[in-house]
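Here's the structure we're looking at; comments come further down.
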Amino acid sequence: MGDLPLIPFGPHATCTLDSCPLEWSVLEYRPSLGCNIAFICIFGILMFAHTALGVLWKSWWFLGCMAMGCLTEILGYGGRIMLYYNPFSFAGFMMQIICIGCAPVFYSAAIYVTMSKVVENLDPSLSRVKPKLYYIVFIISDVFSLTLQGVGGGLSTSTSGSSQTAVDLTLTGLSFQVFSMVVFCSLLADYMIRYSKRRTITDTRLKIFLIFLSIAVLLILARCGYRVAELSDGYMGDLIHNEPLFIALDGVLIVLAVIALCIGHPGLVFSPSEKGLRVPDGSSQDGIMLQNK
């Protein structure tokens, strides 16, 4: 590098694999090229699948959220590919931290709006909160979480990643996201228990939809819990250096969640534009069968 000082991390990093040991990089490893290419391909396929289903069933909000989430994941894993070629790439590191970190917020937003429609059309009287509050309150919470994570990432960029405040802001955003999802899961579970005591769902499509919606929520919650643990020790903690754990508890969990939301797509049970269940009055003809107990 001539007379340039060796700077391993930050927007002005000068280290390369030729001039600095790999252990000087933040991750302390070269991300797997094959795994990251695979994740980009998988999220690309899932984005196409959600786009096709969204257009077919005219579920525009759900389509927009899922497509944005998948696209953000693709950008994040693109950042990890940059880190494969240069583990000291600050741009690559920030792309993966911000994009992969924030992508699940879009999936959560899709779930919140969908759940409000479920409650509104099944039996709003059994819900402890008004249906609209599901997406008003929780989407505001997601925006707040996303803002904190974005500000934390931006502050990391301006301070060469050395600011503990930046890490704390990102961690607070993730923690708030986990808290919001725990509250949402509690409300979802409470509603389904109360509903199951009053009525029996006999339609296979509605059962599939509700089961896979619940699976997606739990997978996203588990992933967010992992990211909180990962960042709790900052960028120099042990978990951030463990690629197999990252692949399993971030990449794989989110892939499974997006697949679950594809199988349990709201178009299965909602009429075009998500304005209501296909046959909410209990008719058995091409619709949803709901029986009182």
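A few comments on the model shown:
- Full-stretch length increase - residue 18, residue 200 - with 0.36 nm per residue and alpha-carbon distance subtracted: 59.0 nm
- Full extension of the chain between residue 193 and residue 165 yields a length gain of 5.9 nm, computed as 0.36 nm times the residue separation minus the alpha carbon distance.
- Nitroxide proxy distance, nm - points 7 Å out along Cα→Cβ at residue 252 and residue 211: 2.2 nm
- Database note for the chain: Cys without another Cys beta carbon under 4.7 angstrom, 35, 41, 65, 70, 99, 102, 185, 224, 262.
- In order along the range 109-117, the phi-based Karplus estimate (6.51 cos²θ - 1.76 cosθ + 1.60, θ = phi - 60°) of 3J(HN,Hα) comes to 4, 4, 5, 4, 5, 4, 5, 4, 5 Hz; Gly and Pro are listed as x.
- Taking amide H positions as modeled 1.01 Å from N, with prolines and chain starts lacking one, no residue 5 or more places away or on another chain lies under 5 Å from residue 233.
- Dipole of the chain [Lys/Arg +1, Asp/Glu -1 at C-beta], most positive-end residue of 110, 249, 226: 110
- Dipole magnitude (debye, nearest 20) for the range 26-292, charges at Cβ of Lys, Arg, Asp, Glu: 860 debye
- Model label points for residue 125 and residue 52, set 7 angstrom from Cα along the Cα-to-Cβ axis, are 4.3 nm apart.
- Distance between the 7 Å Cα→Cβ label points at residue 179 and residue 242: 2.6 nm.
- Amide H contacts under 5 Å for residue 199, placed H, 5+ residues apart: 293
- Residue by residue, the range 125-138 carries 3J(HN,Hα) couplings of 5, 8, 7, 6, 10, 5, x, 5, 5, 4, 8, 5, 5, 6 Hz when phi is fed to the Karplus relation 6.51 cos²θ - 1.76 cosθ + 1.60 (θ = phi - 60°); x denotes Gly or Pro.
- Cα-based Rg of the range 26-292 normalised by 2.2 N^0.38 Å, two decimals: 1.06
Bear in mind these aren't lab numbers, they're just calculated from the coordinates by the rules spelled out. Note that the structure is predicted; figures quoted are calculated from it, not measured. Cβ sites come from the backbone with ideal geometry, for glycine too, and all protein chains shown count toward neighbours.
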